[in-house]
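See below for the structure under consideration.
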Amino acid sequence: MDVVKRICHDVAIIGDGELVESGPVGEIFAHPKSDLAKQFIRSTLDLSVPYDYAQRLQDTYFDGSYPLVRLEFTGATVDEPLISQISRLFDIDISILSSDIDYAGGVKFGLLLAEIMGPKKAVEDAIHYLNQHHVNTEVLGYVD
């Protein structure tokens, strides 16, 4: 993948012997259309939940808990100050645990693992705002 990111102009994703997706490297990395391309790109980024968080992670919301989220940024969303925006707009706190941002074909992309702390409604509104701004947001579970 490092070679593809550094020297290729175009890339093709092939699955089960068939062309799944092809195009400029930057476009594929910034806006993957197929699940296979999304998995392929995500495999180039290293972002795992720390062991102590994985031990505390619950599947459902409970009083006093807050979500642990994986945010996937692609293209222009990487350059927008969305984290500071949601903090101000929804009066929430964000604790970034880890991130991995990369660059390919003139486009930045990456993942961020964070806790979003605040009243449940404000957190839900913030996640909705991120999704509206093309940040793929996955709630991994809830911690206290």
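Remark: segment 1-135 carries 57 Å² of accessible area per residue (probe radius 1.4 Å; ligands, DNA and RNA excluded). Whole Å is fine, so just give me how far the alpha carbon centre of segment 43-73 lies from that of segment 94-117. What the calculation gives is 14 Å, centre to centre.
Let me know the charge dipole size of segment 1-79 about its Cα centre in debye, to the nearest 20, where only the beta-carbon of Lys, Arg (+1) and Asp, Glu (-1) is charged. Could you put the intermediate results ahead of the total?
Details: 7 positive and 13 negative charges, 31 e Å.
I would put it at about 140 debye.
If packing is taken as the average number of other Cβ atoms within 10 Å across a peptide's residues, how do 59-70, 98-109 rank, most packed first? Walk me through the numbers before you get to the answer.
Details: 59-70: 14.8, 98-109: 16.8.
Descending packing order for the listed peptides: 98-109, 59-70.
Using only alpha carbon positions, build the gyration tensor of the chain, then give the equivalent ellipsoid semi-axes as the square roots of 5 times its eigenvalues, largest first, whole angstrom.
On the way: eigenvalues 188, 55, 33 Å².
Largest first, the chain gives 31, 17, 13 Å.
Summing Lys, Arg as +1 and Asp, Glu as -1, what charge do residues with Cβ under 9 Å from the Cβ of residue 109 carry, residue 109 excluded? Present the calculation step by step, with values, prior to reporting the outcome.
On the way: positive: 108; negative: 72, 102.
Taking every other residue near residue 109 into account, the sum is -1.
Each of the peptides 117-123, 3-9 was scored by the mean count of other Cβ atoms within 10 Å over its residues; in descending order, highest first, they stand as 117-123, 3-9.
Show which aspartates and glutamates lie in cross-link reach of residue 108 when reach means a straight Cα distance below 20 angstrom and same-chain residues fewer than eight apart are skipped. Straight-line reach from residue 108, under 20 Å: 2, 10, 21, 27, 35, 46, 72, 79, 80, 100, 138.
Think of each Lys and Arg Cβ as +1 and each Asp and Glu Cβ as -1; about the Cα centre, that makes the dipole of the chain roughly 180 debye. Hey, if you put +1 on the Cβ of every Lys and Arg and -1 on every Asp and Glu Cβ in the chain, which of 60, 39, 24 ends up farthest toward the positive end of that dipole? Highest projection toward the positive end goes to 24. Modelled spin labels at residue 4 and residue 144, positioned 7 Å past Cα toward Cβ, are 4.3 nm from each other. Rounded to the nearest 10 degrees, the inclination of helix 120-132 to the longest alpha-carbon principal axis of the chain is 20 degrees.
The values are calculated or read from the model by the stated rules, or taken from the named source; none is laboratory data. From a predicted model like this one, the values you see are computed outputs, not experimental measurements. Note: ideal-geometry Cβ built from the backbone for every residue, glycine included; neighbour counts use all protein chains shown. Each accessible area value is taken on the protein alone, full model and side chains, heavy atoms only, with ligands, DNA and RNA left out. Shrake-Rupley method; radii C 1.70, N 1.55, O 1.52, S 1.80 Å.
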